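A.B. asks: Before anything else, here's the structure in question.
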Amino acid sequence: MKLPASLNVLLLGGGGREHAFAWKIAQSKRLGKLFIAPGNAGTASIGMNVDLNPTNFGSLKQFIITNSINLVVVGPEEPLVKGVWNFIHEDEQIHHVPVIGPSMEGARLEGSKDFAKAFMVRHSIPTAAYKSFSKATIDEAYTFIDTLKPPYVLKADGLAAGKGVVILDSADAAKAELAEMLGGKFGAAGNTVVIEEFLSGIECSVFVATDGENYKVLPVAKDYKRIGEGDTGLNTGGMGAVSPVPFADEVFMEKVRTTIIEPTIKGLAEEKIVYRGFIFIGLMNVAGTPYVIEYNVRMGDPETEAVLPRIESDIVDLFEGMAFGSLDKTELTISPKTAATVVCVAEGYPGSYRKGDEISGLDKLSKESTVFHAGTAGKAGKICTNGGRVLAVTSLGDSIENAVSKSFDTIEQIEYAGKYYRRDIGKDLM
Ligand code: AMP
Ligand code: GLY
């Protein structure tokens, strides 16, 4: 089975990751029409934004039929966790339309940390030792905390908008946090809490495209999660990313392939979980040994903005291999250049932040960088800030220094009230 020679694509999502996907899809020789739901001011310049909610499956169905959509690409996790794959796959009228993303069962790797940990244990995939607790077992949890050494890692089981992981230095603070989580701090997402061993090391993000049997490893990236320089302050969605990651060398990646990627794909197949999509493995390099910190069932943001510009081959061919089980025959070529993405955020982010400020300078930028929109919206012919993360600026270079300095130069040509970005992206790897 193949996708048609010219196809119409519906891309779900509206952040920097989706602008990067839209940009890459638009380069395909095979693209007919590209629709982005809901998209942002950046995707509007590449395809057609449509005012659809990616979790309103009934309206997605109507859109797919009316616009002769041949492929659905899912950016964020929420529609996947809510079962968009199953909905489309099981509908008589649209079941022929492939969806890039796992089934609802597969999406539990991200949707439930307890499920993900148990999956890793079943398939002997290296991860931090853990136990899960609920309100009924809170006393056992307190006892378990007393057996661990600080720091203590507590994770709400369900999706908590990236805020569900809390790391604490004292047992008393960990117990208090646990009580709050089980008491509803994160709503139902915290009905179960995973408590795990703290792993010390340096993190990276490994992205795998799979058809359920074969796989391709995409460029490895490192993201910068905290708001402040030197990785200080509050956690954010991500303040920048660099690819490749120097410590993720051939020796390290061979361990990742044999101890993590292959057991993961084999485990999914053994458990009869349909998975034709991206697996994002958050890894900790503990003295040369990779451990899984988390699975996500989608690409990372802002990592995608650094990863896709390094892929030279046609991404529609990759989607085709993922959708039809022919990834072993798909060609994937990767640029040896370094990509550096620097995210510009709104004043106040990740707390409550400014919105609606006009962004100037976007129309006369040098060609050295690609500016992906994250939180932007068009308003009366102007482009305005419309989210915490506003823009993700990516440059390719011969070194991290070279690539980040191009991104900084581009950012200096862009203005909006309260613009902030980290000037130390990639510094720890130089
Ligand atoms: P997550 O939301 O799962 O990405 O976790 C957020 C961050 O918490 C991760 O990126 C790590 O920096 C940190 N983290 C999570 N689990 C552990 C662990 N077991 N040991 C050390 N750090 C962790
Ligand atoms: N950059 C981390 C994430 O997308 O979850």
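A.B. asks: Go through the stretch 238-254 and count every residue that is small (Gly, Ala, Ser) and in a loop (DSSP other than H, G, I, E, B).
C.D. replies: Residues that pass the stated criteria total 2.
A.B. asks: Let me ask another. Could you grab me the full set of residues in the stretch 274-302 that are within 11 Å of ligand 2 (Cβ to nearest atom) and polar (S, T, N, Q)?
C.D. replies: Passing the criteria: only 296.
A.B. asks: Still on this structure: Can you name the condition, by its number, that residue 73 falls short on among (1) in a strand (DSSP E or B); (2) out of contact with any strand residue (DSSP E or B) (no Cβ under 9 Å at 6 or more places or on another chain)?
C.D. replies: (2)
A.B. asks: Looking at the stretch 193-214 only, could you name the residues that are crowded, with 19+ Cβ neighbours inside 10 Å and among the acidic types (Asp, Glu)?
C.D. replies: 196, 211
A.B. asks: Does residue 159 meet the test of being in contact (Cβ under 8 Å) with a residue 60 or more places away in the chain and not small (Gly, Ala, Ser)?
C.D. replies: Numbers: in contact (Cβ under 8 Å) with a residue 60 or more places away in the chain: yes; not small (Gly, Ala, Ser): yes.
Yes: the conditions hold for residue 159.
A.B. asks: While we're looking at this one, here's another question. Out of 164, 183, 190, which single residue is surrounded by fewer than 21 Cβ atoms within 10 Å (Cβ to Cβ) and more than 30 Å from residue 428 (Cα to Cα)?
C.D. replies: 183
A.B. asks: Let me ask another. Report the residue count in the stretch 38-68 for those that are assigned to a loop (DSSP other than H, G, I, E, B), under 18 Å from residue 15 (Cα atoms) and small (Gly, Ala, Ser).
C.D. replies: Qualifying residue count for the region: 4.
A.B. asks: Can you work out which of the residues in the stretch 146-183 that are in a helix (DSSP H, G or I) and touching a Phe, Trp or Tyr at 6+ places or on another chain (Cβ under 6 Å) is nearest to ligand 2 (Cβ to nearest atom)?
C.D. replies: Residue satisfying both the conditions and the ranking: 174.
A.B. asks: Taking the conditions exactly as written (more than 16 Å from ligand 1 (Cβ to nearest atom) and either crowded, with 19+ Cβ neighbours inside 10 Å or more than 29 Å from residue 105 (Cβ to Cβ) (or both)), does residue 155 satisfy them or not?
C.D. replies: When the stated conditions are applied, residue 155 does not pass them.
A.B. asks: Residue check, residue 349 against (1) of a type outside the set (Val, Ile, Thr); (2) within 16 Å of ligand 2 (Cβ to nearest atom); (3) surrounded by fewer than 22 Cβ atoms within 10 Å (Cβ to Cβ), all met but one. Which one?
C.D. replies: (3)
A.B. asks: Could you list, in sequence order, all residues of the stretch 184-226 that are among the hydroxyl-bearing types (Ser, Thr, Tyr), in a loop (DSSP other than H, G, I, E, B) and more than 16 Å from ligand 2 (Cβ to nearest atom)?
C.D. replies: To start, the set of residues in the stretch 184-226 that are among the hydroxyl-bearing types (Ser, Thr, Tyr) comprises 192, 200, 205, 210, 215, 224.
Subsequent filtering for residues that are in a loop (DSSP other than H, G, I, E, B) retains 200, 224.
The one that is among the hydroxyl-bearing types (Ser, Thr, Tyr), in a loop (DSSP other than H, G, I, E, B) and more than 16 Å from ligand 2 (Cβ to nearest atom): 200.
A.B. asks: Among the listed residues 63, 35, 21, identify the single one that is hydrophobic (A, V, I, L, M, F, W, C), in contact with a strand residue (DSSP E or B) (Cβ under 9 Å, 6 or more places away or on another chain) and within 14 Å of residue 319 (Cα to Cα).
C.D. replies: 21
A.B. asks: With respect to residue 116, is the statement that it is within 19 Å of residue 279 (Cβ to Cβ), within 16 Å of ligand 2 (Cβ to nearest atom) and modelled with pLDDT of 95 or more true? Please lay out each step first, then the result.
C.D. replies: Details: within 19 Å of residue 279 (Cβ to Cβ): yes; within 16 Å of ligand 2 (Cβ to nearest atom): yes; modelled with pLDDT of 95 or more: yes.
Judged against the criteria, residue 116 is a match.
The values are calculated or read from the model by the stated rules, or taken from the named source; none is laboratory data. Remember, it's a predicted structure, so these values are computed and weren't measured experimentally. When we count neighbours, we look across all protein chains shown, and the Cβ atoms used for this are built from the backbone with ideal geometry, even at glycine.
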